[in-house]
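Trainee: Dropping a structure here in structure tokens format, bear with me for questions.
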Amino acid sequence: MNFLIDECLHTSLVEVARSVGHQADHVVWLGLGGQADWDLMPRIISDEFTFVTNNARDFRKLYAREPIHAGLIILLPQVVPKQQRELFQLLLAELGPDNQIMNEAIEINIVDGETRMVRYDLSKRLD
């Protein structure tokens, strides 16, 4: 997979993805820092990035408008970089090396001290 990490998440997530054989980059490293969410979408779609963010509300809506995309990953809640890495590592282990999430989203969250993952079709969810 080819991940793009949002600027609201730590740059160390790039290495987490790369360490298990994925391609990855960070919004800031591509000179896209500070751009509005909707201005990022053309680049995300054209480069077939699977976008990783903490901004669930905005990106769920933006992705739901796209007929085809390489997927959205949402890390919740906003946590320190060490916990971001741990959540992302768990998610990548669950996906495995060849699992694609075309037109889907995966949310990984900590609820009452437990990690929970939810995978869903974005075309059927607009909240």
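Trainee: Note the full-extension length gain between Leu76 and Trp38 as 0.36 nm times their separation in residues minus their Cα-Cα distance, in nm to one decimal. Write out the running numbers ahead of the final one.
Mentor: Details: separation 38, 0.36 × 38 = 13.68 nm, distance 2.06 nm.
Extra length from Leu76 to Trp38 when fully extended: 11.6 nm.
Trainee: At 1.4 Å probe size, with no ligands or nucleic acids counted, give the accessible surface of Glu48 in Å², nearest ten.
Mentor: 130
Trainee: Evaluate the distance, in nm, between pseudo-label points positioned 7 Å from the Cα of Met102 and of Glu114 along their respective Cα→Cβ axes.
Mentor: For the pair Met102/Glu114, the computed spacing is 3.3 nm.
Trainee: Mean separation of Cα pairs under 8 Å and 6+ residues apart, divided by the residue count of the chain: what relative contact order is that in percent? Mind dumping the intermediate values first?
Mentor: Values: 209 pairs, mean separation 32.1, N = 127.
With pairs under 8 Å counted, the relative contact order is 25 percent.
Trainee: On to the next question. Would you please calculate the Kirkwood hydrodynamic radius of segment 1-112 over all C-alpha pairs and express it in Å, rounded to one decimal?
Mentor: Numbers: mean 1/r = 0.0721 Å⁻¹.
Result for segment 1-112 stands at 13.9 Å.
Trainee: Just grab the label-to-label distance for Asp58 and Glu15, each label 7 Å out from Cα along the Cβ direction, in nm (one decimal).
Mentor: 2.7
The values are calculated or read from the model by the stated rules, or taken from the named source; none is laboratory data. Being a predicted model, the structure only gives us computed values, none of them experimental. Neighbour counts run over all protein chains shown; Cβ positions are idealised from the backbone, glycine included. Ligands, DNA and RNA are stripped out before the accessible areas are found, and what is left, the full protein with its side chains, is counted by its heavy atoms. Shrake-Rupley method; radii C 1.70, N 1.55, O 1.52, S 1.80 Å.
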